[in-house]
Every structure is written in structure tokens, then in C-alpha cells.
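K.L.:
Pasting a structure here, questions to come.
The values are calculated or read from the model by the stated rules, or taken from the named source; none is laboratory data. Nothing here was measured: the structure is a model prediction, and the numbers come from that model. All Cβ positions, even for glycine, are placed from backbone atoms using ideal geometry, and neighbour counts span all protein chains on display.
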Amino acid sequence: MSVTERISHNQLRAAVVVFLIGSTPLFELGIKQKTDAWLVAGLGFAFGYLLMLLFLAVQKFDPSCNLVELLKRNFGKIAGTAVSLLYVLYFAYEAMRNVRDIGDLTIMTLLDRTPLGVVMIVLVLLVAYAVYQGIEVVFRLAEILIWGILFFYLGLVIIMFLSGNAFFRHLLPLFDTGVAAVVVAALRDATPFPFGQIVVFLMFFSSAAYRPGWSRFVQAGFVIAGLVILSTNVINLAVLSAPVVQISAIPFLQTVQSFEVAYGVGRFDVFVVILLYVGIFMKATVWALAAVTALTAAVGLSRKKATALLSAAIYGSAFYAPSWPEHIRIGEIVALEYGMNPFFIGLIPFLLLITMLLKRLSSRRIR
């Protein structure tokens, strides 16, 4: 990574917040556990925080290196490059899913007669342009957007709470599906998405680690995003109830629309759609930026060529699912049944940390 690509601590914190919120309000975390969904989300946040500490520990062993450089240095050139290329595929896959998210969202909410391919090509071109500008531009954009995102999300949540349209009996009974089921659901579903996805920032921490104290900003961003996500999860259940949330395509949007119907006010749903667009765009951009940065670091490809190659791959592969429900179903299969999340979010970072610890202990013994 070029030493000129530096970001401030505030920009890093802002990017963490915007990224984690991202597309999360499209879904209700842990809704398979019905009224226990908010408990699943809360435990997922707690387990995700532990994962974040693991990633921070990995970075602190060598603050000047990004993930690809750490893999090459500790796993060896061949194995490190191979694993790095797998991460390129992982990052690009997640970017592709966000591109498809915004394509389907647009068709469901605004432009139902516009071809899916047209919506997605516009987004891919915007993402590619932002990625080509580099890390500094993308993170500066996050710093600009964060205040509007937080203001509108928190404003909408507060309005929903104070409207009298939220019934907290919908959150009961506690552990209706059993304690073990809630814990398992949190580990399987809510921890990897969205909280464990902060693993992508192992590609960017080194750009902010030139000054001490950067990790505190990461933790602060994680907590802020987690509180927003938990608030939207709780308000969805309190307003709609678990049975309605389970069949809702976009729960938070339906929550806001129910308020509009009850009180005769309008256009709040427009804010929700705009927030979703901005969040998903930024999340797709961060994923794509990580993929491009990893590819250039792994094989020495120029940023221009890497951006063009991965943008084409992301766009072409985004047509893989015939519908929004199928898109969601395939994502669950890849993440859980094929073990993508445990591999990239848990296993590799843990092995990397163990390898770094053993190398450090070995070097001390030699001395």
C-alpha cells in the first residue's frame, strides 16, 4: 500500500459506522427466532465486538501492513498470495450482493419498470469511479455522509418510539425459542452479518495506524453502528410484531409506512429509501475498494486494471439470482452451508493471529 494513502481517525470511525449500518436495515436480524430476534441481534453485537478485538489484535502486530501484506509475511509468499486471492473473491462477492440489493430495492420501491441491468450498471459505474479515486476519497465521503445518516435513522427511530405505535409486548416472551437457540442463531446469523464483516477493514486499518489511538475510534464506530442497528431491530418488532416482520420484504420501510398510515403523514418512506441507497452504495464501495486494493497488493496489478476487471465481474455476476427472495436464499446457503463466513471472518484471522504470536515468541527465544 502506498504510504501516501492516509486517512484520519475520524474518517475511519465514520467509515465503520456507515459500512456496518449499510444494508442492514433491509433485514431483521434473527427473525427466525420470532420475538427473540432482538436478543439475537444483541448477542450478535456482543460476539461481533469480540471478533473486532481479534481483528484489532491482528493489526496491532504490524500496524503498517494491510491484510494481504500480513498474509504474505506470515503464511509465506505462495500460501499468503493464494489466501489473499480468496479474500479478493470474498470482497468482490459481497460487493456484488450489495449491487444486487440496490437493484432489487430500486425496482421494489421506485422504478418498477426500469430493467434491473440498467439500475445496477449505474451503481457499478459510480462504485468503480469512487474506488478508482482511492482510499482517501472514499473515507472522506463517509465522513461527510455519517452525520446525515445518523440524524435521519435516529430521528425516525425516536419518532416511532414516541408515536404510540410501538407496543413492547411484541418483544415478549423472552427466550421463547430457548436460550440455546438464541445463542446459536446469534453466532450463526447475527454475528457474521453485519458485525463480523468489519474484517474488511483489515485492508484499511494501516492507513490510519500512523498515529496512536486509532483502535479506539474503530471501537467507538462499532458501538455507534451497533446501537443504531439494535434500535431499528427493536422498533420493527415493537411496531409490526414478529409474524408481520417475518413476511415483510423490507421491515424498516414497512415500519415507517405503518406510521404514515396511522397518522396521515407522508413521505417519511422516501427518507428510508434514500438512507438505504446511501448505506448500500457506501458498503458496496468499501467492499469493492477492499477487493481492488487486495488484488493490486497480491499480484501487482494496477489500480486501473484491477478496478475495471472487478467492476465487470461484479456487474456480470449480479444477475445470478432470478428474484429478490432467491437472492436472499442463495446468500444464506453460501454464507452458512458452504462455510464462507466462518472461513473468512473467523478461521483465517484466528490462524493469522496464532502464527504471529508464535513467530514473536520464537524470535524472543532466539534472542
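K.L.:
For region 320-349, which positions are hydrophobic (A, V, I, L, M, F, W, C) and in contact with a Gly (Cβ under 7 Å, 6 or more places away or on another chain)?
P.N.:
Once the filter is applied, which keeps residues that are hydrophobic (A, V, I, L, M, F, W, C) and in contact with a Gly (Cβ under 7 Å, 6 or more places away or on another chain), region 320-349 yields only ILE345.
K.L.:
Is at least one residue of region 70-79 under 17 Å from the mean Cα position of the chain (by Cα), closer than 18 Å to ILE198 by Cα and either crowded, with 24+ Cβ neighbours inside 10 Å or without any contact (Cβ under 8 Å) to a residue 60 or more places away in the chain (or both)?
P.N.:
no
K.L.:
Going by the structure shown, is GLU326 closer than 25 Å to ILE247 by Cα, under 19 Å from the mean Cα position of the chain (by Cα) and not in a loop (DSSP other than H, G, I, E, B)?
P.N.:
no
K.L.:
One residue is enough: does region 50-63 have a residue meeting the conditions within 17 Å of the chain's Cα centre (by Cα), closer than 24 Å to THR177 by Cα, surrounded by 21 or more Cβ atoms within 10 Å (Cβ to Cβ) and touching a residue at least 24 places away in the same chain (Cβ under 8 Å)?
P.N.:
Within region 50-63, not a single residue is within 17 Å of the chain's Cα centre (by Cα), closer than 24 Å to THR177 by Cα, surrounded by 21 or more Cβ atoms within 10 Å (Cβ to Cβ) and touching a residue at least 24 places away in the same chain (Cβ under 8 Å).
K.L.:
Give the number of residues within region 282-329 that are within 20 Å of GLN197 (Cβ to Cβ) and out of contact with any helix residue (DSSP H, G or I) (no Cβ under 9 Å at 6 or more places or on another chain).
P.N.:
Looking only at that region, the number is 2.
K.L.:
Out of region 168-219, which residues are without any contact (Cβ under 8 Å) to a residue 40 or more places away in the chain and not in a helix (DSSP H, G or I)?
P.N.:
GLY178, PRO212
K.L.:
Tell me which of these ARG6 doesn't satisfy, since it passes every other one: (1) surrounded by fewer than 23 Cβ atoms within 10 Å (Cβ to Cβ); (2) modelled with pLDDT of 95 or more; (3) basic (Lys, Arg).
P.N.:
(2)
K.L.:
Identify all residues within region 291-303 that are in contact with a Ser or Thr (Cβ under 8 Å, 6 or more places away or on another chain) and either crowded, with 22+ Cβ neighbours inside 10 Å or part of a helix (DSSP H, G or I) (or both); write none if there are none.
P.N.:
Hits for region 291-303 are VAL292, ALA294, THR296, ALA297, ALA298, VAL299, ARG303.
K.L.:
Looking at region 221-258 only, could you name the residues that are under 25 Å from THR293 (Cα atoms) and among the hydrophobic types (A, V, I, L, M, F, W, C)?
P.N.:
PHE222, ALA225
K.L.:
Let me ask something else. From the list ALA318, ALA288, ALA306, which one is in contact with a Lys or Arg (Cβ under 6 Å, 6 or more places away or on another chain) and either surrounded by 18 or more Cβ atoms within 10 Å (Cβ to Cβ) or of a type in the set (Lys, Arg) (or both)?
P.N.:
The conditions single out ALA318.
K.L.:
Just name the residue that is farthest from GLY22 (Cα to Cα) out of those in region 206-249 that are touching a Ser or Thr at 6+ places or on another chain (Cβ under 8 Å) and among the β-branched types (Val, Ile, Thr).
P.N.:
For region 206-249, the residue satisfying everything is VAL239.
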